[in-house]
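The structure under discussion appears below in the form of structure tokens.
The values are calculated or read from the model by the stated rules, or taken from the named source; none is laboratory data. Since we're looking at a predicted model, the values are computed, not measured. A quick note on method: Cβ atoms are made from the backbone with ideal geometry, for glycine too, and the neighbour counts reach across all protein chains shown. For accessibility, only protein heavy atoms count, side chains too; no ligands or nucleic acids. Shrake-Rupley method; radii C 1.70, N 1.55, O 1.52, S 1.80 Å.
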Amino acid sequence: MSQPLCLITHRFDPHLKLKLNQFSEGEFVYKKNLFEDEETLKKCEAIICRTSLKVDGDFLNKCKNLKYLVTATSGFDHIDLAETEKRKIQCFHVPEAQSEAAAEMTFLLMFATARHWTRAARQIRSGNWQRELLMGHQLRGKNLGVIGLGRVGTSVAEKAKAFGLNVFTYDPYIQSSPDFVTRLGFEELMRTCDIVTLHVPKTKTTRHMINKETLSWMNSEACLLNLSRGDVVHEEDLIEHLVDNPDFRVGLDVFKREPLNSTSSLFNFSNVVLSPHIGASTEEALRASSEGAVEKVRALLRGETPTSGELPPKAEWWGD
């Protein structure tokens, strides 16, 4: 009897890739050019994917024998969970694997916006040093607002304490928080904090939670960071806010549409730091997410239920 076929569709830890078929539970096949091989799609019983694969009805129509889907990411808005539920496909994600990478990336953007890193890089490349234009800000003593107190948000809060920031948080779904943080309402946090960083999932409630009105609550010299999902920020409203508030600073790792269009107005602002959705792009996070996804698939193929990461989440925030 042949082994169940598990298809791996995107980035994967190369060391683990070499060991995959030592496992007895199934045959693991890595397919980079996924859509050129519909025959393999038709046969596979399990898929390990990432956010660049749009799992919708059209895709699932090609996967006649699919039973299990695991995304090796914390985010899962690329999966149409209504479609997978209708087809009785069990879905899981790997929420714990990439949180440290994303938290560290938050501080990269925090420092880069505070010290005008985009302008600094342009100056040194051009040879036109004007250091008087690069007067930045220290983090110690500033008020940091962390919106979303899950794994990433909590890690950011803990690291912020070490940097001497005053940490404020907003999360209506998580009642416990580190004893060094001060919990505030959403509007109060936006008005109080010098830096606001977003670490929320994409839901109906969080979509465009940063918009013209909520941006108006922030200080005109404040800083906004987004490493969650692009749709959490109303991009057009943000651009308008930047035009009206030339000292407002922004760090973005995610966007409404990815890749970000080269004609985007966001490129026009020297006080905006942009990165191409690399919050989880570390070797350690790739290894942990790859291992976590494989372990979940192996458990499913053995007829077991993984201990974490079931989709849709059985959580209050998912119902909003």
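Scan the range 155-181 for residues that are part of a strand (DSSP E or B) and within 20 Å of Thr206 (Cα to Cα) and jot them down.
Answer for the range 155-181, where residues must be part of a strand (DSSP E or B) and within 20 Å of Thr206 (Cα to Cα): Phe168, Thr169, Tyr170.
Hey, does the range 123-137 have a residue that's open to solvent by less than 60 Å² (accessible area, probe 1.4 Å), within 30 Å of Thr73 (Cα to Cα) and more than 19 Å from the chain's Cα centre (by Cα)?
no
Condition test on Arg119, is it of a type in the set (Lys, Arg) and open to solvent by 90 Å² or more (accessible area, probe 1.4 Å)?
no
Looking for whichever is at pLDDT 95 or above and farther than 30 Å from Pro14 by Cα here; the options are Glu310, Glu240. Which one fits?
Residue meeting the stated conditions: Glu240.
How many of the residues in the range 79-90 are under 12 Å from Leu53 (Cβ atoms) and open to solvent by 20 Å² or more (accessible area, probe 1.4 Å)?
1
Those residues that are without any contact (Cβ under 8 Å) to a residue 24 or more places away in the chain and open to solvent by 50 Å² or more (accessible area, probe 1.4 Å), I need them from the range 173-189; list them, please.
Residues satisfying the conditions are Gln175, Ser176, Asp179, Phe180, Thr182, Arg183, Glu188.
Checking Gly164 against (1) within 23 Å of Asp253 (Cα to Cα); (2) at pLDDT 95 or above; (3) in contact with a Lys or Arg (Cβ under 9 Å, 6 or more places away or on another chain), which single condition isn't satisfied?
Just one mismatch for Gly164, condition (1).
Among the residues of the range 28-73, count how many are open to solvent by less than 10 Å² (accessible area, probe 1.4 Å), out of contact with any helix residue (DSSP H, G or I) (no Cβ under 8 Å at 6 or more places or on another chain) and free of Cβ contacts under 8 Å to residues at least 40 places away in the same chain.
Qualifying residue count, the range 28-73: 2.
Output the residue which, of all residues in the range 1-18 that are under 28 Å from the mean Cα position of the chain (by Cα) and over 22 Å from Thr84 (Cα atoms), is most open to solvent (accessible area, probe 1.4 Å).
Filtering first and then ranking leaves Leu18.
Under 8 Å between Cβ atoms, at least 6 apart or on separate chains: pull out the pairs that start in the range 105-121 with a residue that is without any contact (Cβ under 8 Å) to a residue 40 or more places away in the chain and end on any residue that is open to solvent by 20 Å² or more (accessible area, probe 1.4 Å).
Pairs found: Phe111/Trp117; Arg115/Leu134; Arg115/Gly136; Arg115/His137; Ala120/Leu134.
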